[in-house]
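Report on the structure given below.
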């Protein structure tokens, strides 16, 4: 017997995602900003980014479904018709975060890490053979440095 699908169709999932986006964008978070001259604290609205976890939480809060893992993992090909919609949802989420970070709405460092866009390089050095350390005096070190400088 087939399992009941709480989100009946991929089209319904897309409709729910669109509702989540509207709800998220119309309910900003507020940042408290101290006005130095007056000492007043002002609440400034900040746009909230959309996220897959946020979408799952929105579905749960609205008593629709507790998680989307079953739809996303597609066990036994029972949910294969949902995969293009889930891919599209994730693409919209990626675009929202990347665009928001690019124009300064969201913290670019956090978004870059979350989207796997970190700006780093891994350096690996391999030393083969035995490394021998010899103690030298200060005068000997100066003499070695002098010879190295002459070679350059």
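Which one is farthest from residue 92 (Cα to Cα) among residues in the range 20-50 that are in a helix (DSSP H, G or I) and either in contact with a helix residue (DSSP H, G or I) (Cβ under 8 Å, 6 or more places away or on another chain) or without any contact (Cβ under 8 Å) to a residue 12 or more places away in the chain (or both)?
My answer is 26.
Consider the range 80-99. How many of its residues are free of Cβ contacts under 8 Å to residues at least 12 places away in the same chain and in contact with a helix residue (DSSP H, G or I) (Cβ under 9 Å, 6 or more places away or on another chain)?
Residues that pass the stated criteria total 1.
Among (1) part of a helix (DSSP H, G or I); (2) touching a residue at least 40 places away in the same chain (Cβ under 8 Å), there is one condition residue 53 misses while meeting the rest; what is its number?
Of the numbered conditions (1) part of a helix (DSSP H, G or I); (2) touching a residue at least 40 places away in the same chain (Cβ under 8 Å), the odd one out for residue 53 is (2).
Output the number of residues of the range 137-152 satisfying the condition of being assigned to a loop (DSSP other than H, G, I, E, B) and modelled with pLDDT of 70 or more.
So the count comes out to 1.
Within the range 66-116, track down each residue that is surrounded by 17 or more Cβ atoms within 10 Å (Cβ to Cβ), outside any helix (DSSP H, G or I) and at pLDDT 80 or above.
68, 79
The values are calculated or read from the model by the stated rules, or taken from the named source; none is laboratory data. Quick caveat, the model's predicted, so the values are computed rather than measured. Every residue, glycine among them, receives a Cβ derived from its backbone with ideal geometry; neighbour counts consider all protein chains shown.
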